[in-house]
Amino acid sequence: MSWPTSRRGEFLPQLDGTIVTAALPSLRADLGVDVAATPWVLNAFFVAFGGLLPPAGRLGDVLGHRRVFLAGIGLVTVASLVAGLAPTFDVLVVGRVLQGAGAAIAGPTGLALLAVLFRGERQARAFGAALHRDRARRGLGQGPRRSAQVGR
């Protein structure tokens, strides 16, 4: 597995967690959703993500980090398609739950891959880049911006 692939694995969950923020008003209007229900678009992702992090990390230990990481990225990709093409609010929430599950699977296994693939100073640089510099923070910041661009 390449270093760029692993870095994208840390970026993607952060982006998916926040990308719908700016689109909530138009989602609400397009899908005919009550204001009180719209927080579930965000919460569905984060509840699944937070609840599945520990077992997903263990799953990577048992089945292999690379295999589980790729499955998580695949799930995020398919779930993003489901959420993006959702004809109803319920389908959108299911897509968001699946996105959160995929992100929970990809996150800890991506970091475990960095620990396995790199040693010494290269490992320190890999973790620094994955966690503190580029991907995670930019994913958080780009979500609302990209959502607004798509919504135009």
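Can you tell which of ASP90, ASP61 is over 23 Å from PRO108 (Cα atoms) and modelled with pLDDT of 90 or more?
Only one candidate qualifies: ASP90.
Can we say VAL94 is surrounded by 18 or more Cβ atoms within 10 Å (Cβ to Cβ) and assigned to a helix (DSSP H, G or I)?
So VAL94 does not fit the description; no.
Count, please, the residues in region 39-73 that happen to be surrounded by fewer than 12 Cβ atoms within 10 Å (Cβ to Cβ) and of a type in the set (Gly, Ala, Ser).
1
Out of curiosity, is VAL35 under 18 Å from LEU114 (Cα atoms), among the β-branched types (Val, Ile, Thr) and either touching a strand residue (DSSP E or B) at 6+ places or on another chain (Cβ under 8 Å) or without any contact (Cβ under 8 Å) to a residue 24 or more places away in the chain (or both)?
The answer is no for VAL35.
Could you say whether any residue in region 68-90 is hydrophobic (A, V, I, L, M, F, W, C), closer than 15 Å to LEU24 by Cα, in contact (Cβ under 8 Å) with a residue 24 or more places away in the chain and outside any helix (DSSP H, G or I)?
yes
Taking the options LEU42, LEU59, name whichever one is free of Cβ contacts under 8 Å to residues at least 60 places away in the same chain and over 16 Å from ALA23 (Cβ atoms).
The conditions single out LEU59.
The values are calculated or read from the model by the stated rules, or taken from the named source; none is laboratory data. In this text, all values refer to a predicted model and were calculated from it rather than measured experimentally. Reconstructed Cβ throughout: ideal geometry from the backbone, glycine too, with neighbour counts over all protein chains shown.
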